[in-house]
1. Does region 88-108 include one or more residues that are assigned to a helix (DSSP H, G or I), free of Cβ contacts under 8 Å to residues at least 24 places away in the same chain, hydroxyl-bearing (Ser, Thr, Tyr) and surrounded by 12 or more Cβ atoms within 10 Å (Cβ to Cβ)?
2. Across region 109-129, what is the number of residues that are of a type in the set (Ser, Thr, Tyr) and touching a residue at least 12 places away in the same chain (Cβ under 8 Å)?
3. Quick check on my filter: what residues within region 132-165 are of a type in the set (A, V, I, L, M) and either within 15 Å of Arg88 (Cα to Cα) or touching a Cys at 6+ places or on another chain (Cβ under 9 Å) (or both)?
4. Considering each residue of region 131-156, count those that are under 12 Å from Tyr81 (Cα atoms) and either surrounded by 12 or more Cβ atoms within 10 Å (Cβ to Cβ) or among the aliphatic types (A, V, I, L, M) (or both), and give that number.
5. In region 131-160, which residues are assigned to a helix (DSSP H, G or I) and without any contact (Cβ under 8 Å) to a residue 24 or more places away in the chain?
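Just so you know, all these numbers are worked out from the coordinates, no wet-lab data involved. Keep in mind that this is a model prediction, so the values were computed, not measured. Here Cβ is always computed from backbone atoms with ideal geometry, including for glycine, and neighbour counts include all displayed protein chains.
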Amino acid sequence: MSWQDNPITKAYDGSFYIVLSTANAFPYSVVPLSEDPQNKYDFDEVAAFWAALADDDPRKLTGDSPPVPDPPTDDEVMAGYRSQVVSRLNTFAATRSYEGTLDCISYYHSAVVTRAAHAVYMITARDDTWAAWDALVAGVDAGTAAVPATWEDVETLLPVLAWPD
């Protein structure tokens with residue numbers, strides 16, 4: 001059972017409050033449990049709920065705050081970085097008025113020489129970027145490289161993106 005499963009909130013001073021949704025109080029009202037208008041909650045049961053929750057939670061729930069979330073796993077961190085790699089490529093393509101990487105690459109057979117040249121460069125930039133990303137992932141998976149601490153650490157491993165003149 002989690003803290004969200006119970007409409008009773010434990011305040012920092014140790015007292016308990018009930019969060020009620022009523023037609024007269026939008027979106028909700030908070031009243032002391034001792035003034036529960038519906039006499040729905042038994043104080044001892046509520047106290048036992050919070051005590052059990054705090055005992056079951058290794059982070060020891062305190063006050064009326066929800067438990068602190070676990071830090072992201074290495075896989076979740078790497079997935080976030082991967083999304084930023086995609087965004088980086090799309091943002092770069094947008095600097096020349098393309099909607100993204102795929103839009104730019106779609107001009108590969110264009111009769112407009114500049115657009116075709118952009119497509120050729122974007123393909124190379126994309127391939128080089130993903131080769132660098134794949135090398136990073138392989139190192140992390142093999143244990144020979146640590147998960148980078150920041151996006152900036154990842155970006156230093158990627159090729160510089162600059163349109164040719």
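1. Here is the first cut: in region 88-108, the residues assigned to a helix (DSSP H, G or I) are 88-94, 101-105.
From what is left, the residues that are free of Cβ contacts under 8 Å to residues at least 24 places away in the same chain are 90-91, 94, 102-105.
So of that shortlist, the ones also hydroxyl-bearing (Ser, Thr, Tyr) come out as 91.
Next, from what is left, pick out any that are surrounded by 12 or more Cβ atoms within 10 Å (Cβ to Cβ): 91.
Within region 88-108, one or more residues are assigned to a helix (DSSP H, G or I), free of Cβ contacts under 8 Å to residues at least 24 places away in the same chain, hydroxyl-bearing (Ser, Thr, Tyr) and surrounded by 12 or more Cβ atoms within 10 Å (Cβ to Cβ).
2. Qualifying residue count, region 109-129: 2.
3. Listed by number, the residues that qualify are Ala132, Val154, Leu157, Leu158, Val160, Leu161, Ala162.
4. The number of residues fulfilling the criteria is 10.
5. Quick first cut of region 131-160, residues assigned to a helix (DSSP H, G or I) only: 131-142, 151-155.
Matches in region 131-160: Ala131, Asp134, Ala135, Leu136, Ala138, Gly139, Asp141, Ala142, Glu152, Asp153.
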